[in-house]
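Only one structure is covered here, and it is reproduced in the block below.
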Amino acid sequence: MTIGTSEQPLRVAIIGSGPSGFYAADHLQKNTRLTIEIDMFERLPTPYGLVRGGVAPDHAKIKSVTKVYDRIATQNNFRFYGHVNFGTDLTHADLTQHYHAIIYAVGAQTDRNLNIPGEDLAGSHAATEFVAWYNGHPDYRHLQFDLTQARVAVIGVGNVAMDVARILARTREELEKTDIADYALEALSQSNIREIYVLGRRGAAQAAFTNPEIKEMGELQGADVIVAPDEVELDPYSQALIDSGGDRVAAGNVQILRGYTQREPHGKPKRVIFRFLVSPTAILGQDRVEGLQIVKNQLIQKDDGSLAAQATDQTETLPVGLVFRSVGYRGVPLPGVPFHDKWGVIPNEKGRVLTAPNGTQVIGDYVVGWIKRGPSGIIGTNKPDSVETVEQLFADLHEGRVLNPAQPSREAVEALLQARHVQYVSFADWQALDEIEQRNGEQCGRPRLKFTRVEEMLEALRERQ
């Protein structure tokens, strides 16, 4: 029987419900020549991955991309199975019995280490954990952050570092307009933090944040942005890059930062202090963070033309009591799926999963997003990435290189989940939770009041039924 016909639809499982997973589903749906059934599995009852759990609560416009995902999820050939954990509720072996292809879209769920002394002290945190905490992720809502400290260091100058610094600097009035978790709103409103150091390993021209992110820092109601003139003095290589017009984002960042050097502080309650060409060498303290030792860097040009930070002999200590490490996300292994530990990704070639880097193809397994290419780009970057992978899947189908499942039907999958007593959440169930969150938010003048416990979500659905 031909796969991709109404008699035998092409059955595709997508593990993960973030942007890359939805863009993969979208490209599958756009193939009008084939009959395709798409089942998306998500460990949480709620979809959207980092759009819900990672995008800063004060960036509501970015979150509106979920309207696109809603359109994909409500197509007849799509099913969402929330509250299903890959590896326990359903294994790789299970999926091979029900699907012709499996697409992994699980993102990068943890952070990279600094590998410096004191990194594990109390008060030293991964930025990823703080972001998940203030966004109400059920796995992180229990965490505690000592916001009684007056000074904090954010290590890194990417957009996540900007989010962390900005949320720490926001006033209660600003945060109340967002969908930040209610417990985080209360904790941050009572914060004693007054100075936020943002530290970049290389120069201002190499900062990874975007122009809107750094511009937004200067619009905070309760915080002055402090940039010393010497922090934005450029080395000859960086100045040449800016002058050539070769990197418009870098040129814009430098221009905005130079504008901050001309500003007189307004005496606002908090200060966000940018430092460039510095690297942390040790987090100091006995039982908890008491300071951060940093070294001054200089930029050197490598053989390939890129610029690298090289430590000098100049060091100083910042008197901080809290540290957030924002030096990049990292993927984690999945049960039964190849993993390249050094890179933190599933080894692949254009999205086809390989047994190892430069290894052989694992028939039926595909990968998209950050777990495919590493944590780079913005939400929209995942679209061409997912298209590339799905095109490889279509090419493999044409060549007959797909799985041969024994029970290729939704009924068989749902029967298996029921036999294992898995209370899976449908997309209609999620829409009901979404409606409740928004209604609860309206009652206290906020856009939504998030459920932050899985048990509360499931109980709300039981009450509704």
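Readers should treat all values here as calculations from the given coordinates under stated rules, not as data from a laboratory. Predicted model, so just to flag it, every value in this text is computed and none were measured. Positions of Cβ are backbone-derived with ideal geometry, glycine not excepted, and every protein chain shown enters the neighbour counts.
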Spin-label point model (7 Å from Cα, Cβ direction): what's the N31 to L416 distance in nm?
2.1
Taking neighbour Cβ counts within 10 Å as the exposure measure, how do L393, L241 sort from fewest upward?
L241, L393
Label-point gap, in nm, between D70 and H142 - each point 7 angstrom along Cα→Cβ
3.3
Taking the alpha-carbon centre of each part, the distance from segment 414-436 to segment 290-337 in Å is 42
Going down the list K61/K215; K177/K450; K61/K270, which pairs span over 18 Å between their C-alpha atoms?
K61/K270
Candidates per trypsin sites (Lys or Arg not before Pro) in segment 390-444, loop by DSSP, up to 15 other Cβ within 10 Å
R401, R420
Proxy reagent accessibility, fewest Cβ within 10 Å first, across I3, I300, I38:
I300, I3, I38
Environment charge at I36 (Cβ cut-off 11 Å; Lys +1, Arg +1, Asp -1, Glu -1)
+1
Tell me the net charge near E173. Cut-off is 15 Å between Cβ atoms, E173 excluded, with +1 for each Lys or Arg and -1 for each Asp or Glu.
+2
Tell me, in nm to one decimal, what length is gained between A428 and Q314 on full extension, where the rule is 0.36 nm per residue of separation less the Cα-Cα distance?
35.2 nm
Segment M1-S189, extension gain: residue separation times 0.36 nm, minus the distance between their alpha carbons:
61.4 nm
Given labels modelled 7 Å from the Cα in the Cβ direction, how far is it in nm from E463 to D287?
4.1
Using DSSP to call loops (not H, G, I, E or B), can you name the GluC sites (Glu not before Pro) in segment 1-105 whose Cβ has at most 12 other Cβ atoms within 10 angstrom?
E7
Test of the criteria: in segment 1-80, which trypsin sites (Lys or Arg not before Pro) are in a DSSP loop and have at most 13 other Cβ atoms within 10 angstrom of their Cβ?
K30, R33
Under the rule a/c < 1.5 gives rounded, and otherwise a/b versus b/c splits prolate from oblate, where does segment 217-308 land using the Cα gyration tensor?
oblate
Treating cross-link reach as a plain straight distance, find the lysines whose alpha-carbon is under 29 Å from the alpha-carbon of K350, omitting any fewer than eight places away in the same chain.
K30, K63, K67, K302, K342, K372, K383
To make sure I understand, if each residue's beta carbon is the centre and we count other beta carbons within 10 Å, what order do R275, R453, R194 fall in, fewest to most?
R453, R194, R275
On a C-alpha basis, how far is the centre of segment 85-105 from the centre of segment 27-63 in Å? Whole number, if you could?
18
